[in-house]
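Read the structure below first, then the notes.
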């Protein structure tokens, strides 16, 4: 039997120079993720005898963004870190490595797609200004790999503030610029049921409807990250209203033909694992089963795609060396348990990422 081909739809990378709070406000000195995570590190972690990673989608890492005024120079100062992220990605794609960078000249071909940050909160005109500068910084070869954008919503924990943002004309108008004039970009939706609330999912659904109103057939594609970060440790049932609201939101997303779901991020929503005694695959699947039952009953498998969320999966998963393959084993078990055909499995592991991100493979 040939090794399974995988196109990992969700990974993060950063150089040693960005492994600090100055580049990432969420990064704490001495924390697990506060070190370089390179392409070579990723390929080592994902090495397997029965699967081969044929490519990956790089997702922006929430670089620090300054407060911007209305002038171009102020914008460039505020965007310094995200633009520096693109400069670094350009070196990977173009193969201009240097000692200690953690990638070879040949490995850039594996970066099939890039989901970049963009200042969608500033409206369509500023978005266009950013796109022009980002394209200049990235260069044509790397810009050609930019297949979508992400502006994380999960950290906005005030419901009124998030509603005002994602349903506002500026945010919606910026996303409507993703289509037309040769553009076909997607939007990665990062919401968090467990830490913020299920209302984030409900607002995301309203946002999608508003963005695509009047252009449903040719609308923007939305890719939901990490099952929307459900509370996998919670009991589900009659007393858990949030569980029913999550189910209702997933059912609503399932009815939107241009919405995809990443089967990713599960380790981050359950208890820490000991690298010397990882949680058995069957136990992980059992914890996820109520949520997966609803997902596979209502969401078309043709719009589900695999993502590892590496290296974030290492933090609560069984460490840097084991987490990627442990999550892959979990997904293998899930797809087997829900009776998917080999063709359906191949779409989740590979084909759906190509479709959702319009990748050149």
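Annotations for the structure displayed:
- Hits in region 24-46 - residues which are in contact (Cβ under 8 Å) with a residue 60 or more places away in the chain and in a loop (DSSP other than H, G, I, E, B): 32, 33, 36, 38, 46
- One residue from 184, 84 being surrounded by fewer than 18 Cβ atoms within 10 Å (Cβ to Cβ), closer than 28 Å to residue 218 by Cβ and within 20 Å of the chain's Cα centre (by Cα): 184
- Qualifying residue in region 211-224 (condition: within 16 Å of the chain's Cα centre (by Cα), closer than 18 Å to residue 304 by Cβ, assigned to a loop (DSSP other than H, G, I, E, B) and modelled with pLDDT of 95 or more): no
- Residue match in region 56-73 (condition: surrounded by 13 or more Cβ atoms within 10 Å (Cβ to Cβ) and in a helix (DSSP H, G or I)): no
- Of all the residues in region 119-173, those that are outside any loop (DSSP other than H, G, I, E, B) and surrounded by 15 or more Cβ atoms within 10 Å (Cβ to Cβ) number 30.
- Listed by first and then second residue, the pairs with beta-carbon distance under 9 Å, at least 6 apart or on different chains, first residue in region 335-350 and more than 17 Å from residue 289 (Cβ to Cβ), second at pLDDT below 95 and part of a loop (DSSP other than H, G, I, E, B), are 350/361.
- Filter result for residue 107 (more than 18 Å from the chain's Cα centre (by Cα), within 22 Å of residue 58 (Cβ to Cβ) and in contact (Cβ under 8 Å) with a residue 60 or more places away in the chain): yes
- Condition met for residue 91 (surrounded by fewer than 21 Cβ atoms within 10 Å (Cβ to Cβ), without any contact (Cβ under 8 Å) to a residue 60 or more places away in the chain and within 28 Å of residue 204 (Cα to Cα)): no
- The lone criterion from (1) out of contact with any strand residue (DSSP E or B) (no Cβ under 7 Å at 6 or more places or on another chain); (2) farther than 17 Å from residue 326 by Cβ left unmet by residue 261 is number (1).
- Among the candidates 131, 191, 126, the residue that is closer than 30 Å to residue 313 by Cβ and in contact (Cβ under 8 Å) with a residue 12 or more places away in the chain is uniquely 191.
- Residue 203 touching a strand residue (DSSP E or B) at 6+ places or on another chain (Cβ under 8 Å) and part of a helix (DSSP H, G or I): no
The values are calculated or read from the model by the stated rules, or taken from the named source; none is laboratory data. Since the model is a prediction, treat every value here as computed from it, not as a measurement. Here the Cβ is made from the backbone with ideal geometry for all residues, glycine too, and neighbour counts use every protein chain on show.
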